[in-house]
């Protein structure tokens, strides 16, 4: 299987900045995989998200080196418009991305710009809006929606472009728990369909632990490690050193004297299984 | 303990013909408490906290601070009793240097220059930013600006400090620093009310949790009392901390677990049983 994204020795320094925002990043993303990206503020997470659809270096000034292949295409050879059907980018604040008067206009806008037929546009809008369960909201103003609904519209407007990669930059950090649950239930369905690869930038470690296959840790532009999720969230010294919040379940189990990292559950459902199996 | 804030049958709507946000709310806050106000967006938390902070006036009912109705208080007097920290520090910060920002409140309280200076130094020391007093407030990240906002409230030495989502947008390390700062302020004798969606912060810090939904108080008690009612919380769309969910799902006996250490004895026991 060919990777959807292949990042090799990526370096980027914003113009006027002394230190690279990204300094030697290497990873690949396979179809159906979810990669979590985490790290303290200023680690380069958002910058990394913006390189995948070539916003960096195409729309920013600075020094770029290394290589990013998206479905085999070298991002420096393509514009953001060329890659919009390969990579969907969802930001922390969905409003920053809205321009339509209605949810429908919001979804139709980019599709029209791609020169698609009316029939194809209708098919894609229907499909995308159903994937986020917002069929009844097509005629509403996107600005009148709740935070979670807004974020689902932002996701739908990406999905309408039928990308193979979805990059989400802290999609739930400004949402309340209902909004967060709504967004994750959509993301879980997308993951289950195994049609697209997801890169999720987040500080919410309990969500990362239950949703990602692997986690990439960044700090001050450097790649600290890329580990599978179980290994990452049970490496307590690593999490502590880089200020990553330890999921509460992991924190509790890790306080048991003599427990081995592989014995520590990282999600609620694993912990329940472990506690009830032991009793049986 | 003495009564600091008494809220009696307070109703509130943002406009005369607008929907009523709070429907006859009663609440008493004692001096020295550390309260977390929780509930989904739109439940009325921020509205209530702004009424307490004097940023809005109740449509009907009364709010008394130290026994006196806020209706009879000048803004200056109320500001010296209750300080309000906005969710987004950038909504609050508007001056050119950190020290001017901190001095603004005390100056408006009518304090003389030496007292203003003393308050600036004290507040900036408390948040660990004294050496940046001459800097422009945007010199650093959001975590630092959040501390500037807290310091500018602290400088007025209010009895009650209300903090609306003080850790939103901060990374974990900055969140821990902010919560440590709030703990220090509480220990120094201030009454604290935080608004947050982070139930783990509530479990680990607050002494009292108040759950709101639809403009009413649904549950009010210690975090342990509040988090044990998972079904009731679900109606207010509040999810208890992960470890409390584990407590519920494994049917553990006794007091609910709300912090990770609460679960350790039970986990140890079950691991030993399996060996």
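The values are calculated or read from the model by the stated rules, or taken from the named source; none is laboratory data. No experiment lies behind these values; they were computed from the predicted model shown. Reconstructed Cβ throughout: ideal geometry from the backbone, glycine too, with neighbour counts over all protein chains shown.
Details
- When the range A:51-64 is limited to residues that are without any contact (Cβ under 8 Å) to a residue 60 or more places away in the chain and assigned to a helix (DSSP H, G or I), the one that is farthest from the other protein chains (Cβ to nearest Cβ) turns out to be A:58.
- Residue selected from the range A:211-225 under the condition outside any loop (DSSP other than H, G, I, E, B) and more than 26 Å from residue A:18 (Cβ to Cβ), by the criterion farthest from the other protein chains (Cβ to nearest Cβ): A:214
- Some residue of the range B:238-257 being closer than 16 Å to residue B:41 by Cβ, surrounded by fewer than 19 Cβ atoms within 10 Å (Cβ to Cβ) and within 7 Å of chain A (Cβ to nearest Cβ): yes
- Of all residues in the range A:15-26 being modelled with pLDDT of 95 or more and surrounded by fewer than 20 Cβ atoms within 10 Å (Cβ to Cβ), the one that is farthest from residue A:194 (Cα to Cα): A:23
- Considering the range A:151-174, and only residues there that are surrounded by fewer than 23 Cβ atoms within 10 Å (Cβ to Cβ) and within 15 Å of residue A:203 (Cα to Cα), the residue that is nearest to the chain's Cα centre (by Cα) turns out to be A:169.
- Listed here are the strands (runs of 3 or more DSSP E) enclosed by the range B:1-84 that have at least 3 residues being at pLDDT 90 or above and more than 17 Å from the chain's Cα centre (by Cα): B:3-13, B:20-30, B:60-65.
- Search result, residues across the range A:245-261 that are more than 7 Å from chain B (Cβ to nearest Cβ), part of a loop (DSSP other than H, G, I, E, B) and touching a residue at least 24 places away in the same chain (Cβ under 8 Å): A:246
- Filter pass, residue A:163 being assigned by TED's automatic domain parsing to the domain that holds residue A:39 and under 28 Å from residue B:175 (Cα atoms): no
- Residue within the range B:138-152 that is more than 30 Å from residue B:2 (Cβ to Cβ), outside any helix (DSSP H, G or I) and within 14 Å of chain A (Cβ to nearest Cβ) present: yes
- Count of the range B:205-261 residues which are part of a helix (DSSP H, G or I) and touching a strand residue (DSSP E or B) at 6+ places or on another chain (Cβ under 6 Å): 2
- Filtering the range A:18-50 to residues that are within 14 Å of chain B (Cβ to nearest Cβ) and under 17 Å from residue A:6 (Cβ atoms) leaves only A:37.
- Residue count for the range B:258-275, restricted to those that are within 9 Å of another protein chain (Cβ to nearest Cβ), buried (at least 17 other Cβ atoms within 10 Å of the Cβ) and either under 32 Å from the mean Cα position of the chain (by Cα) or in contact (Cβ under 8 Å) with a residue 12 or more places away in the chain (or both): 6
- Residue in the range A:226-239 that is under 30 Å from residue A:17 (Cα atoms), in contact (Cβ under 8 Å) with a residue 24 or more places away in the chain, in a strand (DSSP E or B) and within 13 Å of chain B (Cβ to nearest Cβ) present: no
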